[in-house]
Amino acid sequence: MPRRQPDASWKSTLWVMVAVQVLVMVAFSLSNPLLPLFLEEELGLARGREVELWAGLIGGAHFLTMAIFSPMWGNLADRLGRKPMVLRSTASIAVFSCLLVVVQTPVQLLTVRLLMGVLSGFHTTATALVGSVTPRERLGYALGLIGTGQVVGLVFGPLIGGVVGGYFGYRIAFLFTGLVTLIAFALTALFVREGFVRPCPDELRARPGLLAGIAAMARSRELMPMLVVLMLSRAAVAGIAPVTSLFIGELDVRGYLVPTMAGLAFSMSGVGAAGSAPILGRLSDRVGSRKVLIAALAGSAVIYLPQAFVVTGAQFLALRFLVGVLDGGIQPASNALVGRAAPAGRQSAAYGLMASAASFGGFVGPLLTGFVAASFGLRAVFIYTAAIVAFNCWWVVAKVREPEHDMPAKVAPASNRHS
């Protein structure tokens, strides 16, 4: 099926999805600075190796199940429409966020996070929805705005979480997460116009099955290297999250200010990314997404390293802001490369495959940083992360190429080129 031509309503859909992205990212990131403290203060884990290992496991748990189920949701989105999948995802996040209010043990918390990963998959379908309605020559711009929405949510989410958790309690903060996601659900239901046309039965039969389609896309010279890029990018970002709150406690921050400062640390990277994402998105349309991705990864590797040696909260916040500026180019550039290389009519499946790789990185990243922190100390985490990002930059230089043209034939078997 040829890619549906975008109509004049694509901008209104884009802006609604930017707002939805902000709300979902607020909800998603609100608990990031709170989970390690919640484990220690309310679930009774001892400070040190125990809480660090549990924080790493729980911080990455939902990424494991997302890695397994994202391709399935992407495949369904190409068959049933992306909007229904966004609605399913936001509803699921709301339900499981509210369930966090009643957990009493680390195992219960881990279980809820695993189930949240099974049914969420928001970013995959939201990105595919925007990519499917946007003219390809404006894809970098559109995904840059989506990236801006993502990081704006990452700015306010940890701040809200830190303030609400610090003053009203962690469980109230989790309840607030569910309410915010319900608002995102309502905005999508009322205002998003996708115009999706379901493929006819003959066309669906002509398409490769889920596993065959994944295998075919994974063999693509343009898409396969991006699996590694997105896995390593998510591993780096997700790996830092569980130890940030604990690291703040080792600096010149004390008492009730720790959750607030931890939320601010998460937010500073979001502030930087919010300003840079639309600029770098437009730049990728002009000079190429690959060049922007290489520059952003190289700069990010350099900035991660000195975070291991800071002694004050202010120094740490300044470096987190600079990391955010560079991160604002990584995700939009990566998504644009995937969107241009994806076969026509299979954008959601391609993004689902990429989300699976990224989610696997999101699962492994916190586990590895939890191990590094428990074995070598919290500061070693930043040196380790700098090395991961530097390797990712080398991989892009060596393996990633700009897609030459819209290329369903390069990914799908010859007999299914029209799909």
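Translational diffusion of region 14-53 was estimated from the Stokes-Einstein equation, with Rh taken as the Kirkwood radius over Cα pairs; at 4 °C and 1.567 mPa s the coefficient is 109 µm²/s. One quarter of the surface of the convex hull around the alpha-carbon atoms of region 258-393 equals 8.9 nm², the direction-averaged projected area.
For region 57-203, a Kirkwood hydrodynamic radius built from all Cα pairs, placed in the Stokes-Einstein relation at 20 °C and 1.002 mPa s, yields a translational diffusion coefficient of 129 µm²/s.
Taking every Cα-Cα distance in region 25-118 and sorting them into 10 Å bins from zero, the calculated P(r) comes out as 15, 45, 27, 11, 2 percent.
Put in order of Cβ neighbour count within 10 Å, fewest first, the listed residues Arg79, Arg282, Arg113 become Arg79, Arg282, Arg113.
For region 30-110, the relative contact order comes to 32 percent (Cα pairs under 8 Å, sequence separation of at least 6).
When the Cα gyration tensor is reduced to axis lengths a ≥ b ≥ c, the ratio a/c is 1.5 or higher for region 263-303, and with a/b not above b/c it is classed as oblate. Of the Cα atoms belonging to region 285-352, the radius of gyration and Dmax stand at 15.8, 51 Å. What FRET efficiency, computed as 1/(1 + (r/R0)^6) with R0 = 22 Å and r the Cβ-Cβ distance, is obtained for Leu190 and Met72, rounded to the nearest 0.05? That gives a FRET efficiency of 0.25. Between Phe371 and Leu179, the modelled label-to-label distance comes to 4.1 nm, taking each label 7 Å out from Cα in the direction of the beta carbon. Residue separation of Arg79 and Glu250 scaled by 0.36 nm, minus their Cα-Cα distance, works out to 56.5 nm of gained length.
Read-outs: derived from the displayed coordinates by stated rules, not from any lab. None of the values given here were measured: they were computed from a predicted structure. Methodologically, a virtual Cβ is constructed for each residue, glycine included, from the backbone with ideal geometry; neighbour enumeration extends over all protein chains shown.
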